[in-house]
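Taking it in order: structure first as C-alpha cells, then the write-up.
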There are 4 protein chains.
Amino acid sequence: MSPRKKEDNEAIRERRKAHILEVALNLFARVGYESTTISKISNEAKISKGLLYNYFDSKEDLLKSLILDLNKMEEGMMSSVIDDDPQVMLRNIITAFFKTLVEDKDKWKLISALTFQVEKFEFIQDLASQKMLGYHQLFEDLLTRSEIENAKEEAQMLGAIFDGIAFQYLVIHGEYPLNQMKDYLIKKYCSN
Amino acid sequence: MSPRKKEDNEAIRERRKAHILEVALNLFARVGYESTTISKISNEAKISKGLLYNYFDSKEDLLKSLILDLNKMEEGMMSSVIDDDPQVMLRNIITAFFKTLVEDKDKWKLISALTFQVEKFEFIQDLASQKMLGYHQLFEDLLTRSEIENAKEEAQMLGAIFDGIAFQYLVIHGEYPLNQMKDYLIKKYCSN
Amino acid sequence: MSPRKKEDNEAIRERRKAHILEVALNLFARVGYESTTISKISNEAKISKGLLYNYFDSKEDLLKSLILDLNKMEEGMMSSVIDDDPQVMLRNIITAFFKTLVEDKDKWKLISALTFQVEKFEFIQDLASQKMLGYHQLFEDLLTRSEIENAKEEAQMLGAIFDGIAFQYLVIHGEYPLNQMKDYLIKKYCSN
Amino acid sequence: MSPRKKEDNEAIRERRKAHILEVALNLFARVGYESTTISKISNEAKISKGLLYNYFDSKEDLLKSLILDLNKMEEGMMSSVIDDDPQVMLRNIITAFFKTLVEDKDKWKLISALTFQVEKFEFIQDLASQKMLGYHQLFEDLLTRSEIENAKEEAQMLGAIFDGIAFQYLVIHGEYPLNQMKDYLIKKYCSN
DNA sequence: GATGAATGAGATTTCATTCAT
DNA sequence: CATGAATGAAATCTCATTCAT
C-alpha cells in the first residue's frame, strides 16, 4: 500500500470539511447555534470530537467558516443573473431568489436566526446590512432603467418583499403559495 | 407591625414580575435567549437569582410568560384599529404597525429570533404561523372591500411587506427610511 | 376584647407545635427528611414559613423535637404493659407492639428510615441501639422467668422478629398477615 | 501513537463505572442518598464531576444503576444455594445470608434506607416487596418438605427473622452476636 | 491522523433561613 | 404574633475544549 498522495489528502480534507459544514448548518438551522453541541455535530458527521477540532479551531470558527461559505455561494448565484436588459435581469433575480429559497432553506433559516442576535455575532449583522443596501442600490438601478414610477420607493419595497416572503415561507413551511407570489412579482415588476 | 396586607404583596409581586419580564425581554432580544443567563437577568433586575425562581419556575417558563405577555399586548393593539371603513382601517393598521415597530423594537426582535428556532420553541412558530394567516385573511377582506385589484395577491404582498420592513429595520437600525415607507404604503393602499 | 390569657396563649402554642410536628412526621415518613422542604411543611400546616421558625429553631431542631416526642410516646406505651406475671407482660408487649405498628405507622417508618443514615443523625442510631439492648434485656428476663428454654437466644430472636415484622409490614403494606403473626407469636411465647 | 483500541476503551469505561458505583454505594449507605453530593462522589472517586456525567445521566440514574447492580449480585448468590435436600438448602441459605450481611453491609444499608422512602423510589419498594414474597414462598416450600410443624407461619417468621437480624446488625454494628444467631437458627430449622 | 475519556468553568436550580413590614 | 418576599450558599448538570494514547 503506497502512501496516499498529497493531493488525495487535501481532497479528503476538503470533502470532510464540507461534510462537517453541511451537518452543522442543518443542526444550527434546526435547533439553533447555542443549543447545538459539538458532540451532536461530530456524532451526526460520524467523526470524533477531536477530529472536528482538527478542522476548525472552535465552535465559533466553525460558524464563521459556515457564514463565509454561504456568502460565497450567494455571490456565485448573483453573478449568474447578470443581464444587460434590466427587465430580464430583474426576472432572473426573482427566479433565482425563489429557487434558492426552496433549495437552501436551511441556509436562509440560519442566517435569519443569527441576524437577530446582534451582540454575539455583530459581523453577521454587518454582512446582512451591507447586502441589503447593495440590493437596494441594484434594484433602484434596475427599476429606474425599467422606467418604473417611484423607482426608489419601489426598490425599497421590493427588498422588503423578498425578505418578507422568505420570513413567511420559513415560518409557514409547506403551505405558503410560493409560486403564485413569484408569478405575481414577475407580472408586477417585469412587464413594462 | 401588622403583617403586610394581601393586596400589598400582590402588588409587589406584579411589579417585580413585570420588571423581570422587561429586563429579560431586553436581554433576550439583544444577546439571545440561550446566551442570556439567569445571573445576568437577576443582576440587571437587581434581585437575587433565588428570587427570580420565586416568580418563574424556570428559564423556559420565563420565556413563555414573556411570549404570552407580548401576545396579549398585540391583541390589545389590534383591537384599537378597527373601523367600518376598510380604507380607514387599513390606514390605522399601517400607522399602528410603524408605531409599534419603533416602540416595541425589542419585542419584535425577540419574536423574530425565536421564530427561527423551530425545534426548540415549536409553540412560538405555531403562534406566529397562526398570526400570519389571520392577517392575510384580514388584509384580503379589507383590500377586497376597498376594491383594489388582485386583492388576494396584494394581501399576501402586504403581509410580506410588513414582515420584510420589520426584518430590514431591525437589521439596519437607524438608517432605515421608516417614514418614507409608511407614507408610500398609505399612498399605495389607502387612496382609492 | 380582653387580651388572651397567658394560659390560652401557651395552649395555642402547644397545639400549633403539635400540629406542625404531625404534619412534619407525615411528610418525613412519606418522602424523607431531606426531600421534605420547610415550604411544604408550612403549606401543609397552613402557616407561614416565618411562623414555623417561631416554633422551631431549624429544620434539624424540628426533627429532633419529633424524635424526642416519639420517644416519649413509646415510653408511655411501655409503662402500660407492666405486669408481675412474665407471661402476661409478654402478651401485653406483643399486643401493644402490633397495635402501635398499625396506629403509628408513619412514626415507625420515619424512625426506621432515619436509623439508616448514621453519619447525619448519630443520636438516632444511638437511641435505637439503646432501645434494642434494653428490649433484649427485658425479653431475656421475661423468657427466663417464663422458664422457656434457651431464653437468651430466644430473646435475641424475639427482638429480631419484632423489627423484622415491622420492616416487612412497612414494605408490603396492606397485604401483610399481621393478625396471624400476632396470634402465632402469642401461642409460641406465652403459653407455658 | 495509534488510537486507543475499542476494547481498551470499553475496559476503561467498565472499570471506571464499577469504581464510581462502589464509591457511590459506600457514600449513599453512610450518609444517605440525598445528603451525598455528586461532588463528594467525584472527589472520592478522584475524577471530575463532568466525567461522572459521562457515565451516568443523572444522580438518580446512578442510583438506579446501583440498585440493578445489587439486584444482579443477589440473584447470583441465590443460585449458589440450591440443593435437592431442603434441610441442606435451608442451611445453605442461612449461611449465605450471614455471609452477605457482613460482606455486603453497605448494600444492605442502602437498600434498607431507600426502602423506607416510598414516594421517591417506588420501584425500590416494589422490588423489595417482590423479593419478600418470593422468599416466603421458598421458605414455606423448604419447611414443608422438611416436615416442620406450622410451616406456613414459621416461613413468615423466618422471613421476618432475617430482616430483623439485618436491621439490628446494621444498627448495633460490631456488638451484635451474629455467629450465635446463625448457629441457633441452623439448630432450630435444620436439624429434623 | 483519529479517538473519546477527561476536565473545569459556568449554567440552572433549590431551599433553609432571615427580615421588613 | 404573622407573613412571605428576599437572600445566598450550595446542589445538579452541561459542554467546549484538551490530551494521552
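The values are calculated or read from the model by the stated rules, or taken from the named source; none is laboratory data. Source: prediction; values computed, not measured. Methodologically, a virtual Cβ is constructed for each residue, glycine included, from the backbone with ideal geometry; neighbour enumeration extends over all protein chains shown. These accessible areas exclude ligands, DNA and RNA; they are computed on the full protein's heavy atoms, side chains included. Shrake-Rupley method; radii C 1.70, N 1.55, O 1.52, S 1.80 Å.
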With an 8 Å cut-off on Cα pairs and a minimum separation of 6 or more residues, tell me the relative contact order of region C:1-67 in percent. 29
Once you have the alpha carbon radius of gyration of chain A, what is it after dividing by 2.2 N^0.38 Å, with N set to its residue count? 1.21
Residue-averaged [θ]222 nm for the protein assembly as shown, counting only DSSP H segments that reach four residues, each worth -39500 (n - 2.57): -25500 deg cm²/dmol
Tell me, what is the Rg over Rh of region A:80-192, with Rh the Kirkwood radius over Cα pairs? 0.98
Using the heavy atoms of the protein chains alone and a 1.4 angstrom probe, what is the accessible area of the protein assembly as shown per residue in square angstrom? 51
Counting only other chains, and only Cβ atoms inside 10 Å, what mean value do you get across the residues of D:126-133? 3
The helix B:178-189 Cα axis meets the longest alpha-carbon principal axis of chain B at an angle in degrees, between 0 and 90 and rounded to 10, of 40
Interface call, region C:13-45: threshold 50 Å², probe 1.4 Å, accessible heavy-atom surface of protein chains, chain by itself vs complex, result C:ARG30
Would you work out if region A:32-116 is rounded, prolate or oblate? Take a ≥ b ≥ c from the square roots of the eigenvalues of the alpha-carbon gyration tensor; rounded if a/c is under 1.5, else prolate when a/b is larger than b/c, oblate otherwise. prolate
Nm distances between copies for D:GLU14, ranked from closest, using label points 7 Å along Cα→Cβ: 4.6, 6.5, 6.6
Other copies of B:THR144: label-to-label distances in nm, shortest first, labels 7 Å along the beta-carbon direction: 4.1, 8.2, 10.4
Between chains C and D, total accessible area buried, probe 1.4 Å, no ligands or nucleic acids, nearest 100 Å², roughly 4400
Across B:164-177, the residue-averaged tally of Cβ atoms belonging to other chains within 10 Å stands at 6
Quick one: Debye curve from the alpha-carbon atoms of the protein assembly as shown only, equal weights, vacuum; give me log10 I(q)/I(0) at q = 0.08 Å⁻¹ to two decimals. -0.87
Quick one: label points 7 angstrom along Cα→Cβ at A:GLY50, distances to the other copies in nm, smallest first? 1.6, 4.5, 6.0
Any idea of D:CYS190's accessible area? Nearest 10 Å², probe 1.4 Å. 10
Compute the long axis of helix D:151-172 from its Cα atoms, compare it with the longest principal axis of the Cα atoms of chain D, and write down the angle in degrees, 0 to 90, nearest 10. 50
State the percentage of accessible surface on the protein assembly as shown attributable to carbon and sulfur atoms; use a 1.4 Å probe and exclude ligands, DNA and RNA. 49
If contacts are Cα pairs under 8 angstrom and at least 6 residues apart, what is the relative contact order of chain A in percent? 21
C-alpha long axis of helix D:59-79 to longest principal axis of chain D, angle in °: 40
For region B:95-111, Karplus couplings with θ = phi - 60° (6.51, -1.76, 1.60), whole Hz, Gly/Pro x: 4, 4, 4, 5, 5, 5, 4, 7, 6, 10, 3, 4, 4, 4, 4, 4, 4
Chain B to chain D by rotation: the residue of B with the beta carbon nearest the axis and the rounded distance in Å are B:SER58, 8
Taking every residue in B:142-154, how many Cβ atoms of other protein chains lie within 10 Å of its Cβ, on average? 1
Assuming a ≥ b ≥ c are the square roots of the Cα gyration tensor eigenvalues, decide whether region C:1-67 counts as rounded (a/c under 1.5), prolate (otherwise, with a/b larger than b/c) or oblate. prolate
For region A:138-192, count the residues as N, evaluate 2.2 N^0.38 Å, and divide the Cα radius of gyration by that value, please. 1.24
Please report, to two decimal places, log10 I(q)/I(0) for region B:104-147 at q = 0.24 Å⁻¹ as given by the Debye formula with identical point scatterers on the Cα atoms and no solvent. -0.80
